[in-house]
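Input: a single structure, listed below in structure tokens.
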Amino acid sequence: MLYSEDLLSRQNADGGWSYFRGGSWTEPTCYALLALAASGMGQQAEVRRGMDWLRRCQRPDGGFAPRESVKESTWVTALTLLLPPAEGFDRARAEAWTVDQTGRESGWVYRLRLWMLGAGSSTDSMSFDGWPWYPGAAAWVGPTALSVLALQKMAKRDGGLANRSDLKKRVDQGVSYLLARRCRDGGWNHGSTRALGYDSDSYPETTGLALLALHGVDDPQVTRGLARGEQHLAVCQSSEGVSWLRLGLGSHGRAALPSAVGRTAKQTGNGSNIAEAGNSLPAMHGGVMEIALAALADAAQAGRNSFLDV
Amino acid sequence: MNPKRPLQPTRRAWAKAAGVAAAGVAAAGTLENCSRPPARVQAWAPVSIYRAAAYSEELYGLVRRMIAEHALDVRGKRVVLKPNLVEFDAHTVINTNPKLVHAALEAFRAAGAADVRIAEGPGHRRVTLDLADAGGYFATVPKFESLFTDLNLDETTKLDLVRPLSKLQSLYLPNTVLGCDLLVSMPKLKTHHWAGATLSMKNLFGVVPGGVYGWPKNVLHWAGIPQCIADLHTLFPKTFAIVDGIVGMEGNGPIQGTPRTAGVVVAGASPVAVDATCCRIMGLDPARIQYLQLSAGVQNLAEELIPQRGERIESVATSFALLPELAGLRLSR
């Protein structure tokens with residue numbers, strides 16, 4: 001079955017997608033819509049129904065909640081900004097909501113406390129404004145990378161960051177945050193590089209995602225990140241991890257894998273499309289996220305990166 | 001089911017919240033007056049210490065015996081087993097061993113449970129099924145995928161906390177655990193670089209949905225880690241604890257520590273008492289573990305107040321190495 005067919009078969013009656021089964025969530029819905037658009041199905045009725053579901057989920061503050069029953073806008077708002085423009089979707093307010101978000105450690109109270117304790121410096125990772133998963137919490141690599149990608153894409157629609165100094169400031173901060181949160185091994189984990197003086201290891205998923213957000217950044221730290229990403233890819237045990245690494249490495253011109261054939265199996269152990277193409281890669285479990293990300297990685301490898309291209 | 005939970009004046013409050021979840025209603029439930037530990041202890045439910053030399057077939061009989069000894073009547077009930085899955089590693093001791101979880105699955109089924117599920121929501125890694133696969137769960141538990149719920153991505157219900165110990169005012173929680181009749185917390189016996197020890201109570205961080213709060217579940221850190229552990233303990237009073245202490249983790253736990261063989265499985269219906277006993281086995285003073293203080297009060301953590309079955313603590317005590325920063329937690333005998 002083609003990825004796109006598989007995604008369509010998993011769409012809920014309300015137009016959204018769940019992670020595996022059950023009610024619709026914003027995150028898998030965004031990735032499914034992004035993948036379907038990348039496969040040239042952006043005008044299909046199913047995609048319009050998905051966008052309708054998403055539109056209904058926009059909250060009065062302009063942001064989006066992880067799902068309708070959650071009464072708080074969160075990091076998933078950035079994902080909606082990656083989608084192609086659609087009528088009735090108040091993109092400007094979603095963008096404004098995203099721009100306003102910073103990690104709690106960015107607040108002056110916290111920074112004053114660090115300064116008084118002698119724990120802060122102008123170069124440490126606390127100096128840069130990243131994005132939190134949930135309002136009121138600290139910034140982390142995942143939401144920061146996605147927000148950087150979202151604001152870059154919004155700026156591209158307006159002719160580039162040079163035309164959007166408001167977005168450029170936040171994007172630059174986000175990029176600095178990501179560079180400062182690189183693990184000692186060269187890659188990225190969730191965002192905690194050291195704990196009690198001990199170095200933490202990076203993860204494949206977050207390394208791929210951070211590299212994707214750092215596309216076009218010419219910095220020796222990125223070069224080291226690419227090397228670590230390639231190491232991760234060689235042993236990665238997660239289909240989503242492989243897809244993020246393909247997206248991240250590919251955005252820097254690194255050929256991550258031979259092109260896949262766009263087919264997927266529904267059950268673990270049956271082998272994914274990539275496995276069918278002859279590579280030994282992790283099995284897929286039939287989740288919407290892993291299917292959509294595999295489709296997006298394939299599309300990027302074919303020359304259409306939905307995270308970067310307008 | 002009749003686990004004695006004398007330290008939990010929360011049945012009425014829990015029933016109210018659980019009723020909301022069981023009905024599948026998305027509206028907020030309320031937990032009232034349930035966050036303050038009583039000044040005096042009456043008695044803890046007994047804690048059993050079993051010797052287990054390895055992750056062998058003997059665990060299947062051990063858990064059956066455990067259920068019988070604790071008079072857990074799960075006939076017709078919904079049971080959720082909550083192991084601790086942290087990282088991709090089949091060869092170290094970072095995750096609860098799948099053999100013990102499978103033994104519990106089989107034992108609760110044999111005891112007549114209507115439904116037994118395995119559920120977990122890791123705090124750092126999002127790809128839970130891949131993590132479980134790498135941890136040996138697919139290989140050990142037949143049809144694992146159909147038995148497993150990723151609590152990070154489960155349907156949720158919002159609960160408002162009245163008089164919490166933490167700064168949390170409310171919390172979205174997964175319906176799979178809110179709606180079960182018995183939650184079985186199955187942590188690994190580990191030291192923890194922030195909390196001192198991570199055991200059956202800290203293991204409940206894994207029920208907080210990452211799909212709502214992210215990875216890590218950082219709202220809990222800002223709200224106070226020990227306080228949140230105590231609040232989560234209060235939110236789930238129908239919890240039975242089975243601690244995988246066959247090979248635990250010492251030093252820089254819960255991720256970067258080193259294996260430490262203790263050769264025990266510790267179980268009981270009072271997670272505070274189980275965790276206090278586990279601390280003593282590891283050579284930690286439970287009265288110096290902040291979340292245990294908050295949940296029970298120091299006076300209630302005395303060893304003589306906890307009825308012990310099976311092995312004596314002294315006979316299985318295994319001094320776990322501690323980070324220098326945690327040296328003050330060491331138990332002095």
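Rounded to the nearest Hz, the phi-derived 3J(HN,Hα) couplings of region B:50-61 under the Karplus curve 6.51 cos²θ - 1.76 cosθ + 1.60 (θ = phi - 60°) are 10, 7, 8, 6, 7, 7, 10, 5, 4, 5, 5, x, where x marks glycine and proline.
In region B:95-134, Rg over Rh equals 1.05, where Rg is the alpha-carbon radius of gyration and Rh the Kirkwood radius from pairwise Cα distances. For B:PHE240, the residues whose modelled amide H falls within less than 5 Å of its own, excluding neighbours fewer than 5 places apart on the same chain, are B:LEU183, B:VAL184, B:SER185. The orientation-averaged projection of the convex hull spanning the C-alpha atoms of region A:1-42 amounts to 2.7 square nanometres. The equivalent ellipsoid that matches the C-alpha gyration tensor of region A:168-228 spans semi-axes of 19, 13, 10 angstrom, in descending order. Amide H contacts of A:ALA195: A:SER200, each under 5 Å away and 5 or more positions distant or on a separate chain (H built 1.01 Å from N in the peptide plane; Pro and chain starts excluded). With each label modelled as a point 7 angstrom along the Cα→C-beta vector, the A:LEU2-B:ALA71 pair spans 6.4 nm. Pick out which of B:ILE94, B:ILE281, B:ILE67 has the largest mean-square fluctuation in a Gaussian network model of chain B, springs linking Cα atoms closer than 10 Å. Most flexible of the set in this elastic network: B:ILE67. In chain A the Cα-Cα distances spread across 10 Å bins starting at 0 as 6, 28, 36, 23, 6, 1 percent of all pairs. Put in order of Cβ neighbour count within 10 Å, fewest first, the listed residues B:MET186, A:MET284 become B:MET186, A:MET284.
Per the Cauchy relation, a quarter of the hull surface: what is the mean projected area of the convex hull of the alpha carbons in region B:215-262, in nm²? Please list the in-between numbers first.
Working: hull surface 18.6 nm².
Result: a mean projected hull area of 4.6 nm².
Distance distribution P(r), region A:117-246, all Cα-Cα pairs, bin width 10 angstrom from 0: 13, 42, 34, 10, 1 percent. Positive end of the dipole of chain B (Cβ unit charges, origin at the Cα centre): among B:ALA114, B:GLY61, B:ALA276, the Cα lying farthest that way belongs to B:ALA276. Kirkwood analysis of the Cα pair distances in the protein assembly as shown returns a hydrodynamic radius of 25.2 Å.
With Cα atoms as the point set, the radius of gyration and Dmax of region A:1-89 evaluate to 12.0, 40 Å.
Mind checking the mean number of beta-carbon atoms from other chains within 10 Å of the Cβ atoms in A:134-144?
Numbers: counts 7, 1, 5, 10, 6, 1, 4, 1, 4, 2, 0.
Mean partner shielding for this stretch: 4.
For B:ALA262, the residues whose amide H sits under 5 Å from its own are B:VAL247, B:GLY248, ignoring neighbours fewer than 5 places away on the same chain, with H placed 1.01 Å from N.
Subtracting the Cα-Cα distance from 0.36 nm times the residue separation, let me have the gained length for A:SER165 to A:ARG56 in nm, one decimal. Please report the intermediate quantities before stating the final value.
Working: separation 109, 0.36 × 109 = 39.24 nm, distance 3.04 nm.
That works out to 36.2 nm of additional length.
Residue order for B:LYS143, A:LYS168, B:LYS190, fewest other beta carbons within 10 angstrom first, comes to B:LYS143, A:LYS168, B:LYS190. Rg and Dmax of region B:161-267, both derived from C-alpha coordinates alone, stand at 14.2, 41 Å. Taken residue by residue and averaged, Cβ atoms of other chains lying within 10 Å of the Cβ of B:204-215 number 5.
Computed from point charges on the beta carbon alone (+1 for Lys and Arg, -1 for Asp and Glu), the dipole magnitude for the protein assembly as shown about its Cα centre is near 1280 Debye. When A:TYR203, A:TYR198 are sorted by how many other C-beta atoms sit within 10 angstrom of their C-beta, beginning with the fewest, the order is A:TYR198, A:TYR203.
As a test of the formula, what do you get for the protein assembly as shown when each DSSP H run with n ≥ 4 contributes -39,500 (n - 2.57) and the sum is divided by the residue count, at 222 nm and rounded to the nearest 500 deg cm²/dmol?
Working: 26 runs with 248 residues, N = 643.
Calculated at 222 nm, the ellipticity per residue is -11000 deg cm²/dmol.
Where does the charge balance sit around A:SER73 when Lys and Arg score +1, Asp and Glu -1, over other residues with C-beta under 11 Å from its C-beta? Net charge in that neighbourhood comes out at 0. Considering the zone a paramagnetic label at A:ARG93 would reach in this model (a point 7 Å from Cα along the Cα-to-Cβ line), which residues of region A:41-65 have amide N under 15 Å from it? Under cut-off, by backbone N: A:54-65. With the Kirkwood sum run over all distinct C-alpha pairs, chain B has a hydrodynamic radius of 19.3 Å. Semi-axes of the equivalent ellipsoid of region B:208-333 are 24, 18, 15 Å, computed as sqrt(5λ) over the eigenvalues of the C-alpha gyration tensor in descending order. Distance between the 7 Å Cα→Cβ label points at A:VAL235 and B:LYS143: 3.5 nm. When chain A is described by a simple charge dipole with +1 on each Lys and Arg Cβ and -1 on each Asp and Glu Cβ, the residue from A:VAL288, A:GLY62, A:LEU112 located farthest towards its positive end is A:LEU112. What the Cα atoms of region B:75-150 give is an Rg and a Dmax of 12.1, 37 Å.
Enter the mean number of other protein chain beta carbons within 10 Å of the beta carbon of each residue in A:189-195, as an integer. Write out the running numbers ahead of the final one.
Numbers: counts 2, 8, 4, 3, 0, 0, 5.
That works out to 3 on average.
Note on A:GLN43 and B:SER56: the model spin-label points, each 7 Å out from Cα along the C-beta direction, lie 6.9 nm apart.
Gaussian network model of chain B, Cα springs within a sub-10 Å range: biggest mean-square fluctuation belongs to which of B:GLY257, B:GLY121, B:GLY214? Looking only at B:GLY257, B:GLY121, B:GLY214, the biggest GNM fluctuation is shown by B:GLY214.
Each reported figure results from applying straightforward, stated rules to the coordinates on display, with no laboratory input. What you are looking at is a predicted structure, and each value in this text was computed from that prediction instead of being measured. Don't worry about glycine lacking a Cβ; one is built from the backbone with ideal geometry, like all the others, and counts go over all protein chains shown.
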